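Comments concern the structure below.
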Amino acid sequence: MSILNNNPAAVDASAPELLLDQHVKYIQALDTKKNDLEYWLTEHLRVNGLYWGATALQILGHPEALDQDQIVEYLVKCQHDNGGFGGHIDHDPHILSTLSAVQVLITYDRLDAINVDKVVDYIISLQNEDGSFSGDSWGEVDTRFVFCAVMCLNLLKRLDDKRLDIPKTIEYIVRCRNFDGGFGSSPGGESHAAQVYVCVGTLTILGALNHVDADQLGWWLSERQLKNGGLNGRPEKLEDVCYSWWVLSSLSMLRRSHWIDSEKLTKFILESQDTETGGIADRPGNMPDVFHTNFGICGLSLLGYPGLVAVDPVYCMPRHVIQRIGLTDKH
Ligand code: GRG
Ligand code: ZN
């Protein structure tokens, strides 16, 4: 079976081409920029950055463009005795970097390199009485961390761990749902498309999408598309390439991706490419970065851009990897 998108979409003839080779080179060059201040300012995001870069390369069809053995060796050094991963060697463990490390190791089929039982212990230790999850031992709570926990445990096939309180997890996410059908970062928090992705993703994995009014939320998500084709994260805000992922993956889980104009969104993402350096920016004319490069490319994959490897809308990992580990995607 092909790992590419099954039904490639038509692309507007006036849209720029996807600069595939330039994006591969842009991602390969990221680790060579050690003279740039930005490289050191983003040190705490190194493991997240590896996930974004590695995923973009997978979807571009060039998984070999980074040295996978070297990455696995590096990730192993980021795991702490309590099981969590830091954002870089000697950085404190956090659930965000832990999920990214697990996603990369599963993509590379190298879970054997780490202590999985300890990862599970770490994640379970972060669940609070009300079902929410903290990001680390300092205690910040956000629906992002619930999704990281649930996704990580499912990827590791440990959702059946008796210490995890699934009903309370669902109850907490439902408490973060708003009158407009969207979700916020905590109960009462404003609806935001990226929080919608994490909450709908959590409910999808836990088989609890019945708590969502798909028509109402689908309408709110489709209202995110602006005249120039780009999507914003909430009313009155600017369009940004990363919402191509947060909004479209959510619509995909709700089976309503056709509620936005995909040709216009494809064109907006392609116009945000940097034709000189490769990479994709948040919007046309801005500087590219690996975060927007990944979510732009994954967005194009969801849109059925020809020649790209299919991405899974829940896990933001190649669909063939999700199939290989037996988590069938029903989206
Ligand atoms: C596996 C893809 C994946 C994710 C793991 C960490 C995580 C789960 C999801 C992150 C969700 C999130 C809240 C992302 C932030 C997106 C973003 C661009 C926020 C910016 O918010 P504002 O208020 O920008 O600065 P706006 O666009 O509202 O002006
Ligand atoms: Zn963005």
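Numbers at a glance
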| item | result |
| --- | --- |
| Cα-centre dipole for the chain with unit charges at Cβ (Lys and Arg positive, Asp and Glu negative), debye to 20 | 740 debye |
| Ranked order, THR277, THR169, THR32, THR204 - accessible area, probe 1.4 Å, largest first | THR32, THR277, THR204, THR169 |
| Gaussian network model of the chain, Cα within-10 Å springs - most flexible of LYS118, LYS264, LYS237 | LYS237 |
| Most mobile of ASP112, ASP121, ASP90 in a GNM of the chain (Cα contacts under 10 Å) | ASP112 |
| Listed residues ARG224, ARG110, ARG256 arranged by accessible area, highest first, probe 1.4 Å | ARG110, ARG256, ARG224 |
| Relative contact order computed over the chain (Cα-Cα under 8 Å; 6+ residues apart), in percent | 21 percent |
| By accessible area with a 1.4 Å probe, ligands and nucleic acids excluded, highest first: order of LYS25, LYS34 | LYS25, LYS34 |
| Rounded, prolate or oblate (a/c below 1.5 giving rounded, otherwise prolate when a/b exceeds b/c) for region 233-305 by Cα gyration tensor | prolate |
| Expected 222 nm ellipticity per residue - DSSP helices of 4 or more, -39500 (n - 2.57), all of the chain, to 500 | -13500 deg cm²/dmol |
| Solvent-accessible area of SER252 with every protein chain in place, 1.4 Å probe, in Å² to the nearest 10 | 20 Å² |
| Accessible-area composition of the chain, carbon plus sulfur, in percent [1.4 Å probe] | 50 percent |
| Residues of region 15-110: accessible area per residue with a 1.4 Å probe, Å² | 47 Å² |
| Cα lying deepest toward the dipole's positive end in region 84-206, options VAL102, ALA194, ILE205, charges on Cβ | ILE205 |
| Cα gyration tensor shape for region 20-324, rounded if a/c is under 1.5, else prolate or oblate | oblate |
| Accessible area of LEU226 in the full protein assembly, 1.4 Å probe (Å², nearest 10) | 60 Å² |
| Mean accessible surface per residue for region 201-331, computed with a 1.4 Å probe while every protein chain stays in place, in Å² | 38 Å² |
| Computed accessible area, SER14, all protein chains, 1.4 angstrom probe, square angstrom | 80 Å² |
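The values are calculated or read from the model by the stated rules, or taken from the named source; none is laboratory data. In this text the structure is predicted, and so the values were computed from the model without any measurement. We place every Cβ from the backbone using ideal geometry, glycine too, and count neighbours over all the protein chains shown. Please note that ligands, DNA and RNA were not included when accessible areas were found on the heavy atoms of the full protein model with its side chains. Shrake-Rupley method; radii C 1.70, N 1.55, O 1.52, S 1.80 Å.
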